[in-house]
Amino acid sequence: MFPSLESFVNGKEKICVVGLGYVGIHVAVNFAKYFRVIGYDKSDKRISELKIGIDSTREFSKEEIINSGIEFTSDSKAISKSRFIIIAVPTPVTRNKIPDLRFVESACETVGRNLQKGSYVVLESTVYPGVTEDICVPILEEFSGLKVGVDFRIGYSPERVNPGDKDHTFDKVVKVVAGQDKETAEFIAKMYSFPVKAGVFIAKSIKTAEAAKVIENIQRDINVALMNELSVIFHLMGIDTKEVLEAASTKWNFLRFEPGLVGGHCISVDPYYLAFKAQEFGYHPEVILAGRRINNNMGKYVAENTVKLLIKAGKAVKGSQVLIMGITFKENIPDTRESRVVDVYNVLAEHGVSVDVVDPFADPEEVKKEFDISLLNGFVEWKNFVQRLGSEKKYDAVVITVKHKPFYELDINFFRKILDDKNPIVVDVKGMYSRELFEKENFLYWRL
């Protein structure tokens, strides 16, 4: 009853990817190199754009999308044409930092309504251990009228897509897979082995694979939190954190992480998923949540130090003009989900500072919708905007929050142009520029 590997290879059977965001579009494009693929997303706008080759995530070019051969659709009935279904939808947290599984549950309901006998369903979304079997399976069974293990099989393969990273692409990163039983896991592994040339690792169980995914980002979150705490301590001591890290990195086993604003849909979210599940078992995680508290406070810390610099420069805080450069959660992508730059903006605004924000990658409409912030550069082409900036307004301080590639192309003359001549302030959160150069030119310079 279940399809053979050959039936997918020869095109008799199709794969369907449900959810075409940052993760789903990578899954669909890479699988489409070897199989017939249906790309389903409930957003009519997203599908309309993809049909003409526009990828709003900027992960793929127009040619790559058009030439992929993917059948893009917002009609959920198309899911029934496939017998290998991959669910790749967001898993955010609520305002109270509780796992928000609405997208997963909705996707499972949609898949369930269109699930045919003999199908494989694989979840790629980041979840806490138990979601696939304890939440997804009952929904799939309810809305399909089918029985797992008899009429359909379930698996899990945690996504490892790193937006904006052209080196660690989908095909170059080992893929973890798991299935409800050995036979299912081995079949899923064979399917993924086509697009993933780096290899496939079969986890012992679905819960093991779910746990592996969630701790990957927890580990990074805690390491960055350590660097952020060290940065606060070193500033109190008058020591430059970047110089400390350069010295410490000469030891072979020192892990080089950098302080910064930790946002995004993975690192700043995943810890809450495991913490939530741990507390269900009566355990309150100390280290995981401590790391979250530290990282969540860094936007406020950056803003407060900017205010201190304004005072040090003899500028009135209320009514001062500050430019924030970068609002996405990481460099060279348009994604603003869980961006902690907004904390910098909000705290400065609370002090009566007039704040402008620019970003060469962010979508102005999305930023306005999500944060009620109007990007100063709007839809203006970045190079044209940079030439104009500073001609109408001078800023008291500039805060560079994201290491966007276009920012590296700006030299000290650009900052002279946009900043007030009297005690110009540069807050270089990630240490993109030379402290020595700016201080030599009489700038007030600060970095984490």
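Residue by residue, here is whether (1) assigned by TED's automatic domain parsing to the domain that holds V232; (2) in contact (Cβ under 8 Å) with a residue 60 or more places away in the chain; (3) under 29 Å from R58 (Cβ atoms); (4) surrounded by 15 or more Cβ atoms within 10 Å (Cβ to Cβ) holds:
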position: G378; (1), (2), (3), (4): no, no, yes, no
position: I418; (1), (2), (3), (4): no, yes, yes, yes
position: V427; (1), (2), (3), (4): no, yes, yes, yes
position: K430; (1), (2), (3), (4): no, yes, yes, yes
position: S434; (1), (2), (3), (4): no, no, no, no
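Based on what the data block shows, is R220 at pLDDT below 95, of a type in the set (K, R) and loosely packed, with under 12 Cβ neighbours inside 10 Å? It is false that R220 is at pLDDT below 95, of a type in the set (K, R) and loosely packed, with under 12 Cβ neighbours inside 10 Å.
One residue stands out among those in segment 170-214 that are within 18 Å of V269 (Cβ to Cβ) and touching a helix residue (DSSP H, G or I) at 6+ places or on another chain (Cβ under 7 Å): the one that is surrounded by the most Cβ atoms within 10 Å (Cβ to Cβ), which is E210.
If you check I288, I267, I311 for being closer than 23 Å to Y156 by Cα, outside the structural domain of P92 (by TED's automatic domain parsing) and β-branched (V, I, T), only one passes: I267. For segment 389-410, filtered to residues that are among the basic types (K, R) and assigned to a loop (DSSP other than H, G, I, E, B), the residue that is surrounded by the most Cβ atoms within 10 Å (Cβ to Cβ) is K403. Total residues in segment 32-70 satisfying the condition of being in contact with a strand residue (DSSP E or B) (Cβ under 7 Å, 6 or more places away or on another chain), closer than 21 Å to L5 by Cβ and not aliphatic (A, V, I, L, M): the figure is 2.
Across segment 9-18, a minimum of one residue is classified as among the polar types (S, T, N, Q), farther than 23 Å from K147 by Cα and either surrounded by fewer than 21 Cβ atoms within 10 Å (Cβ to Cβ) or more than 23 Å from the chain's Cα centre (by Cα) (or both). If the condition is being among the polar types (S, T, N, Q) and at positive phi, then segment 421-445 contributes N423, N442.
In summary, C136 fulfils each of the numbered conditions (1) in contact with a Gly (Cβ under 9 Å, 6 or more places away or on another chain); (2) assigned to a helix (DSSP H, G or I) with the single exception of condition (1). Of the helices (runs of 4 or more DSSP H) lying entirely inside segment 214-325, not one contains at least 3 residues that are over 21 Å from the mean Cα position of the chain (by Cα) and of a type in the set (S, T, N, Q). May I ask you to verify whether V200 is of a type outside the set (S, T, N, Q) and either in the same structural domain as T91 (by TED's automatic domain parsing) or under 30 Å from T184 (Cα atoms) (or both)? Judged against the criteria, V200 is a match. If you go through segment 411-448 one residue at a time, how many are in a loop (DSSP other than H, G, I, E, B) and closer than 16 Å to V357 by Cβ? Number of matching residues: 1.
The values are calculated or read from the model by the stated rules, or taken from the named source; none is laboratory data. Just so it is clear, the structure is predicted and the values come from calculations on it, not from any experiment. As a convention, Cβ positions derive from the backbone with ideal geometry for all residues, glycine included, and neighbour counts pool all protein chains shown.
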